[in-house]
1. Run the numbers on the range 181-297 and let me know its relative contact order in percent, using alpha-carbon pairs under 8 Å that are six or more apart.
2. Select from Asn195, Val122, His103 the residue farthest towards the positive end of the dipole of the range 55-198; place +1 on Cβ of Lys and Arg, -1 on Cβ of Asp and Glu, and compute about the Cα centre.
3. Report, in debye and to the nearest 20, how large the dipole of the chain comes out about its Cα centre when Lys and Arg carry +1 and Asp and Glu carry -1 on their Cβ.
4. Before anything else, pin down the relative contact order of the chain: Cα pairs under 8 Å, at least 6 apart, normalised by residue count, whole percent.
5. Each residue of the range 198-215 in order: what ³J(HN,Hα) in whole Hz does its phi give by Karplus 6.51 cos²θ - 1.76 cosθ + 1.60, θ = phi - 60°, with x for Gly and Pro?
6. Distance in nm between label sites at Arg30 and Ser194, each 7 Å beyond Cα in the beta-carbon direction?
7. Starting from 0.36 nm per residue, how many nanometres of slack lie between Lys281 and Ala230 once their C-alpha separation is accounted for?
8. Per residue of the range 278-283, in order, report the coupling 6.51 cos²θ - 1.76 cosθ + 1.60 (Karplus, θ = phi - 60°) as ³J(HN,Hα) in whole Hz, putting x for Gly and Pro.
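The values are calculated or read from the model by the stated rules, or taken from the named source; none is laboratory data. Source: prediction; values computed, not measured. Reconstructed Cβ throughout: ideal geometry from the backbone, glycine too, with neighbour counts over all protein chains shown. Remember, those area values only see protein heavy atoms, side chains included, never the ligands or the DNA or RNA. Shrake-Rupley method; radii C 1.70, N 1.55, O 1.52, S 1.80 Å.
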Amino acid sequence: MKRLFYILLTLVVLTFAASEFFIQYALKPRLKNMPAPEWIDSVKACGALKDTFIISDDSGDSIHAWYLRADSATNKVAVLVHGYTDNAFMMGAYAEIYDRHLHYNILLPDLHYHGLSKGDYVQMGWRDRLDVMQWCALADSLFGGNTRQVLHGVSMGAATIMSVSGETLPPYICCFVEDCGYTSVWDEFANELSNQFGLPPFPLLYTTSWLNKIQNGWSFSEASPLAQVAKCRRPMLFIHGGNDDFVKTSMVHQLYAVKPAPKQKQIFRGSAHARSYRNNKERYTRLVTTFVRKYSR
């Protein structure tokens, strides 16, 4: 009996040690240090790109964003949200669509832990949704009031804007473009546990989610873009690569199924994770501009 007790105790200790490792691995990753896209360099060089900070109502952290005014006066705004381990500049290629083709004002936030924003852990878009809503309010004020805003996110940024979509929304948020976002943090981490470590969800994902609830105030299952999208009545465009094995392509079909109309879906066959635009620039640009023009009038 005593031996069984020690075996069980050892297993519990090892499981919680593994849970802490997984939190460090998943929520304190090494950030990418990639050169900014050419469009970002050009607008920085001419002094058009400005930056600003807010204090997150949820965490008290200082959160950063870049912004750019349109080349002519307009009340249209694009809030563009980056992915996991990226930063605001990595949305430069998408910002070019809104700048050159739609002539929108642009806001590019750095999410918790990323870019110039503070934060001890990545929040996987869940707590970030509250900051993005603050950014939208600031953008409304910054760009003259009475704005018409589109939220466009990629990967974790897509999960962020889908999480926003289920909240009580102000009238200036008109529509959403989500590109390769996941159904929930639980689903995405379960997928990565299997792909990276060959492990099932039980018991590690359960204990890690519980530990994250203590450390960050949210569990992996409650961080559910799927549940949020089901409550959204604003238009949403769903985009996904047909060969995405990081955020499985099957997730977009689940998301699309629960979203009330109006909605639209486009699968870019042959594209891996977050590569739909890179592989199909003209088609992607046409798709986004047509959708956004229709719903941000």
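1. Once normalised by length, the contact order is 25 percent.
2. Going by the Cα projections, it comes out as His103.
3. Here the size comes out at about 800 debye.
4. 16 percent
5. Taking θ as phi minus 60°, the curve returns x, 10, x, x, 8, x, 4, 5, 5, 6, 5, 4, 4, 5, 5, 4, 5, 7 Hz for the range 198-215.
6. Placing both labels 7 Å along Cα→Cβ, they lie 2.8 nm apart.
7. Between Lys281 and Ala230, full extension yields 15.4 nm more.
8. Taking θ as phi minus 60°, the curve returns 4, 7, 9, 4, 5, 5 Hz for the range 278-283.
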